[in-house]
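What follows is one structure encoded as structure tokens, with my remarks underneath.
The values are calculated or read from the model by the stated rules, or taken from the named source; none is laboratory data. Just so we're clear, the structure is a prediction, and the values are computed from it rather than from any experiment. Every residue, glycine among them, receives a Cβ derived from its backbone with ideal geometry; neighbour counts consider all protein chains shown.
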Amino acid sequence: MPRKPHSAIVDRLRRDLSSLVRESTEIREWCAATAQPKYYMSLYALLMGAFSQVDLFAALRAGSRKTRGQTARMRKFLRDFTTHEADAIAHAVQLYRHTLMHTGRPRELLEKSTGRRRYFLLHWGRKGADEAAHFTVNESGKLTLNLECLLEVDAERAIADNVEAAWSAVELQDLRT
């Protein structure tokens, strides 16, 4: 398969991210306008989508097609391209990429070395949320995350030129039989 140019890949990533932002905003607005329940399973699905994009950006930036080292790459990516604290990044990557992906729901985390329990608080959008608390862990171990704030990523700045080498694995996967 011929390599796609960097600009075409970035355009695709921007479109995907824009779709995720639009869909999450429309769902939040629809829920608010119709006084519907919070639809937490939809929020979980959108968070999995958001963190899978972080995973993709981190892999493309590294030029890696391997799944080994995924957690470290995602943490490094978020440290390099956001201003969030390392503790909040580690908490979020485990909770919303790995735990949520494999169990279908976030759950309380236990820090075995200290016995400290980690919790989570999710917000759909900026309305009614404390923006200063976004992507922070408070003294009781609660990670606060706001989906719309999380999705504010500059795709072009977030990936390097070695994206072209790794992109083919995003578009075409070998069938394992």
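At-a-glance table
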quantity: Answer residue from the range 135-151, given it is of a type outside the set (Asp, Glu), out of contact with any Asp or Glu (no Cβ under 9 Å at 6 or more places or on another chain) and without any contact (Cβ under 8 Å) to a residue 24 or more places away in the chain and is nearest to Ala86 (Cα to Cα) among those; calculated: Asn138
quantity: The lone exception for Thr83 - which of (1) part of a helix (DSSP H, G or I); (2) more than 24 Å from Ser168 (Cα to Cα); (3) among the hydroxyl-bearing types (Ser, Thr, Tyr) it fails; calculated: (1)
quantity: Identity of the residue in the range 109-126, of a type in the set (A, V, I, L, M, F, W, C) and within 18 Å of Ile89 (Cβ to Cβ), that ends up modelled with the lowest pLDDT; calculated: Leu122
quantity: Matching entry among Leu13, Leu20, Leu46 (being of a type outside the set (Val, Ile, Thr) and in contact with a Ser or Thr (Cβ under 7 Å, 6 or more places away or on another chain)); calculated: Leu46
quantity: The range 96-126, residues that are without any contact (Cβ under 8 Å) to a residue 60 or more places away in the chain, exposed (fewer than 11 other Cβ atoms within 10 Å of the Cβ) and part of a loop (DSSP other than H, G, I, E, B); calculated: Lys112, Ser113, Thr114, Gly115
quantity: Candidate set: the range 14-40, residues that are of a type in the set (A, V, I, L, M) and without any contact (Cβ under 8 Å) to a residue 60 or more places away in the chain; chosen: the one surrounded by the most Cβ atoms within 10 Å (Cβ to Cβ); calculated: Ala33
quantity: Residue list for the range 127-177, restricted to those being in a loop (DSSP other than H, G, I, E, B), surrounded by fewer than 18 Cβ atoms within 10 Å (Cβ to Cβ) and modelled with pLDDT under 75; calculated: Lys127, Gly128, Glu152, Asp154, Glu156, Arg157, Ala160, Asp161, Asn162
quantity: Near pairs, Cβ below 9 angstrom, 6+ apart or cross-chain, from the range 74-86 (without any contact (Cβ under 8 Å) to a residue 40 or more places away in the chain) to any residue that is surrounded by 14 or more Cβ atoms within 10 Å (Cβ to Cβ) and not in a helix (DSSP H, G or I); calculated: Leu78/His84; Leu78/Phe135; Asp80/Ala158; Thr83/Phe135
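Yes/no per residue for (1) assigned to a helix (DSSP H, G or I); (2) farther than 22 Å from Gln173 by Cβ; (3) of a type outside the set (D, E, K, R); (4) within 14 Å of the chain's Cα centre (by Cα):
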residue: Asp11; (1), (2), (3), (4): yes, no, no, no
residue: Glu29; (1), (2), (3), (4): yes, yes, no, no
residue: Ala33; (1), (2), (3), (4): yes, yes, yes, no
residue: Gly49; (1), (2), (3), (4): yes, no, yes, yes
residue: Asp55; (1), (2), (3), (4): yes, no, no, yes
residue: Arg75; (1), (2), (3), (4): yes, yes, no, yes
